[in-house]
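Peer 1: Take a look at this one; I'll ask things after.
The values are calculated or read from the model by the stated rules, or taken from the named source; none is laboratory data. Please read these numbers as outputs of a predicted model, since none were measured by experiment. A quick note on method: Cβ atoms are made from the backbone with ideal geometry, for glycine too, and the neighbour counts reach across all protein chains shown. Please note that ligands, DNA and RNA were not included when accessible areas were found on the heavy atoms of the full protein model with its side chains. Shrake-Rupley method; radii C 1.70, N 1.55, O 1.52, S 1.80 Å.
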Amino acid sequence: MPDRPAVLFVCLGNICRSPLAEAAMRAEASRAGLDLLVDSAGTGHWHVGKAPDRRAQAVAARNGIDISGYRARQVVREDFLHFTHVVALDHDNLARLLALRPAGAGAEVSLLLDHVPGRAGEAVADPYYGEAAGFDTTWADVTAGARGLVARLSGVL
Ligand code: 4NP
């Protein structure tokens, strides 16, 4: 296991929600002075190697973060050995992760919004087929999740 917290965010395509969760987590951890490894991946393979969706890049840029250099990858079984926390954006991806997790792997698997008081068990909705404004909701959700996770990993919660 790594010597510091290592958090992997997982959605379906790794081009919308989980790159935004990665960006929000990097920003919140840096603000809190918390030393973390952060990455993101998708359970699907369709977008491997691609940059985040333009609408995800745009909402990140509106919030002062450049994610244009991120590239999509697919989650692999070894991720459960290299990350301390594997965080799903919704229930379908949580189920896929639990099915993929090797027996005895130490990583804690959770839903992102489990880390937000009062929102345990909720999903971050998939904005891919929706209106552009959906990405602002995604950003608000992943920021709330990142704040909750940072508070927990900092020992505040
Ligand atoms: P993400 O969004 O899982 O938040 O990256 C999606 C991206 C692509 C597709 C679905 C969701 N797709 O069907 O291609």
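Peer 1: Which one of Ala41, Ala123, Ala60 is within 16 Å of the ligand (Cβ to nearest atom) and part of a loop (DSSP other than H, G, I, E, B)? Before you say what the answer is, go through the steps one by one.
Peer 2: Working: Ala41 fails: part of a loop (DSSP other than H, G, I, E, B); Ala60 fails: part of a loop (DSSP other than H, G, I, E, B).
Going through Ala41, Ala123, Ala60 in turn, just one is within 16 Å of the ligand (Cβ to nearest atom) and part of a loop (DSSP other than H, G, I, E, B): Ala123.
Peer 1: Filter segment 65-92 for residues that are closer than 18 Å to Pro5 by Cα and among the acidic types (Asp, Glu) and give the result.
Peer 2: Glu78, Asp79
Peer 1: On the given criteria, is Thr43 more than 18 Å from Asp141 (Cα to Cα) and either in contact (Cβ under 8 Å) with a residue 60 or more places away in the chain or surrounded by fewer than 21 Cβ atoms within 10 Å (Cβ to Cβ) (or both)?
Peer 2: Values: more than 18 Å from Asp141 (Cα to Cα): yes; either in contact (Cβ under 8 Å) with a residue 60 or more places away in the chain or surrounded by fewer than 21 Cβ atoms within 10 Å (Cβ to Cβ) (or both): no.
It is false that Thr43 is more than 18 Å from Asp141 (Cα to Cα) and either in contact (Cβ under 8 Å) with a residue 60 or more places away in the chain or surrounded by fewer than 21 Cβ atoms within 10 Å (Cβ to Cβ) (or both).
Peer 1: From the list Arg152, Arg101, Arg96, Arg147, exactly one residue is touching an Asp or Glu at 6+ places or on another chain (Cβ under 7 Å) and open to solvent by 70 Å² or more (accessible area, probe 1.4 Å). Which is it?
Peer 2: Details: Arg152 fails: touching an Asp or Glu at 6+ places or on another chain (Cβ under 7 Å); Arg101 fails: touching an Asp or Glu at 6+ places or on another chain (Cβ under 7 Å); Arg96 fails: touching an Asp or Glu at 6+ places or on another chain (Cβ under 7 Å).
From the options Arg152, Arg101, Arg96, Arg147, the qualifying one is Arg147.
Peer 1: In segment 1-38, which residues are out of contact with any helix residue (DSSP H, G or I) (no Cβ under 8 Å at 6 or more places or on another chain), within 16 Å of the ligand (Cβ to nearest atom) and of a type in the set (D, E, K, R)?
Peer 2: Glu22, the sole residue that qualifies.
Peer 1: Something else now. Is there any pair with a first residue in segment 136-157 that is without any contact (Cβ under 8 Å) to a residue 12 or more places away in the chain and a second that is assigned to a helix (DSSP H, G or I) and surrounded by fewer than 24 Cβ atoms within 10 Å (Cβ to Cβ) whose Cβ atoms are under 7 Å apart and which are 6 or more apart or on different chains, and what are they?
Peer 2: Leu157/Ala151
Peer 1: Sticking with this one: Identify, from the list Ala99, Ala132, the residue that is farther than 21 Å from Leu36 by Cα and at pLDDT 95 or above.
Peer 2: Values: Ala132 fails: at pLDDT 95 or above.
Every option except Ala99 fails the conditions.
Peer 1: How many of the residues in segment 63-103 are assigned to a loop (DSSP other than H, G, I, E, B), away from the ligand (no atom under 16 Å from the Cβ) and not aliphatic (A, V, I, L, M)? Show your work before the answer.
Peer 2: Here is the first cut: in segment 63-103, the ones assigned to a loop (DSSP other than H, G, I, E, B) are 63-73, 75-78, 83-84, 89-90, 101-103.
With the extra rule that they be away from the ligand (no atom under 16 Å from the Cβ), the set shrinks to 63-66, 69, 76-78, 83-84, 101-103.
Retained after the next criterion (residues that are not aliphatic (A, V, I, L, M)): 63-64, 66, 69, 77-78, 83-84, 101-102.
Residues that pass the stated criteria total 10.
Peer 1: Looking only at segment 17-32, decide whether some residue is open to solvent by less than 40 Å² (accessible area, probe 1.4 Å), in a loop (DSSP other than H, G, I, E, B) and not basic (Lys, Arg). Before you say what the answer is, go through the steps one by one.
Peer 2: So in segment 17-32, the residues open to solvent by less than 40 Å² (accessible area, probe 1.4 Å) come out as 17-25, 27-29.
Those still in the list that are in a loop (DSSP other than H, G, I, E, B) too: none.
No, segment 17-32 contains no residue that is open to solvent by less than 40 Å² (accessible area, probe 1.4 Å), in a loop (DSSP other than H, G, I, E, B) and not basic (Lys, Arg).
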